[in-house]
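Visitor: Here's a structure for you.
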Amino acid sequence: MTSPMDEAVVAAQLGRPPRGIHAVGHRCPCGNPDVVTTDPRLPNGTPFPTTYYLTCPRVNSRIGTLEASGLMRAMQERLTSDPGLAEAYRLAHVAYLEDRAAIGRSAQLEVPEIEGVSAGGMPDRVKCLHVLAAHSLAAGPGVNPFGDEVLEALGDWWTSGPCVTPEPDG
């Protein structure tokens with residue numbers, strides 16, 4: 001469950017009302033949610049494979065810079081040439097699918113349309129660093145090798161304070 005304040009923070013971060021939030025997946029050291037876990041089916045019925053959704057605009061901006069730097073291309077090259085890394089990434093894909101299945105069971109949502117599909121290009125491609133970082137934040141270190149690398153490259157994004165400070169409904 002999320003609190004009304006969490007939902008207000010996420011809405012301020014996204015610039016729109018959040019959809020299909022299942023729970024806060026991770027909190028920034030500043031206290032705000034920075035990852036939400038989403039139900040595998042949105043309230044309007046749309047299948048939604050992105051279980052871990054990165055909400056912090058500061059982190060999203062920094063990751064966009066990393067993507068533009070060519071980091072995904074370099075990761076993809078390593079993925080195709082390093083069998084150990086490829087296996088770790090495949091296991092991250094499996095963990096992602098298991099997490100989504102557990103959320104679906106708890107929310108009583110079956111979504112056969114996205115069965116076997118994770119996110120971020122897993123397990124064969126590196127397609128979205130945002131999703132990989134969100135997965136690492138929510139699951140913790142050691143689950144998604146590329147997500148862990150992205151987080152390391154980001155540094156301490158929270159040190160200048162919260163990315164948003166919404167006013168509570170009064």
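Every number here is computed from the coordinates shown, using simple stated rules; none is lab data. Fair warning: this is a prediction, and the values are worked out from it, not measured in the lab. Here the Cβ positions follow ideal geometry from the backbone for every residue, glycine too, while neighbour counts run over all protein chains shown.
Visitor: Quick one: what are the phi-derived ³J(HN,Hα) couplings along the range 80-90, Karplus 6.51/-1.76/1.60 with θ = phi - 60°, whole Hz, x for glycine and proline?
Guide: 7, 10, 10, x, x, 5, 4, 5, 4, 5, 5
Visitor: For SER136, what charge total do you get from the other residues with a beta carbon under 15 Å from its beta carbon, if Lys and Arg give +1 and Asp and Glu give -1?
Guide: Here the charged neighbours net out to -3.
Visitor: Right, next: Please list 77-88, 52-63 highest first by mean number of surrounding beta-carbon atoms within 10 Å per residue.
Guide: Going by the mean number of other Cβ atoms within 10 Å, highest first, we get 52-63, 77-88.
Visitor: What does the charge count near LEU109 come to, summing +1 for each Lys or Arg and -1 for each Asp or Glu among other residues with Cβ under 14 Å from its Cβ?
Guide: -1
Visitor: What percent do you get for the relative contact order of the range 25-91 when only Cα pairs under 8 Å and 6+ apart count? Please report the intermediate quantities before stating the final value.
Guide: Working: 52 pairs, mean separation 12.5, N = 67.
Relative CO of the range 25-91 lands at 19 percent.
Visitor: Quick query: amide H of HIS26 versus all other amide H atoms, modeled in the peptide plane; which residues come in under 5 Å with a sequence gap of 5 or more or a different chain?
Guide: HN-HN under 5 Å from HIS26: ASP34, VAL35.
Visitor: Something else now. Express the relative contact order of the chain as a whole percentage, based on alpha carbon pairs under 8 Å and six or more residues apart in sequence.
Guide: 25 percent
Visitor: If packing is taken as the average count of other Cβ atoms within 10 Å, what order do 106-117, 37-48, 3-14 fall into, highest mean first?
Guide: 3-14, 37-48, 106-117
Visitor: Could you calculate the contour length gain from MET1 to LEU42, that is, 0.36 nm times the residue separation minus the distance between their Cα atoms, to one decimal place in nm?
Guide: Gain on extension, MET1 to LEU42, equals 13.2 nm.
Visitor: Across bins of 10 angstrom width beginning at 0, how are the C-alpha pair distances of the range 5-46 distributed, in whole percent?
Guide: 30, 54, 15, 1
Visitor: What FRET efficiency comes out for the pair ALA107/GLU152, r = Cβ-Cβ distance, R0 = 35 Å, nearest 0.05?
Guide: Numbers: r = 32 Å, r/R0 = 0.93.
Calculated value: 0.60.
Visitor: Using θ = phi - 60° and the Karplus form 6.51 cos²θ - 1.76 cosθ + 1.60, what ³J(HN,Hα) does each residue of the range 126-140 get, whole Hz, x for Gly and Pro?
Guide: Listing the rounded values in order: 10, 10, 8, 5, 4, 5, 5, 5, 4, 4, 5, 5, 6, 8, x Hz.
Visitor: Need the C-alpha centroid separation for the range 108-149 versus the range 40-83, integer Å.
Guide: Each part reduced to its Cα centre gives a spacing of 8 Å.
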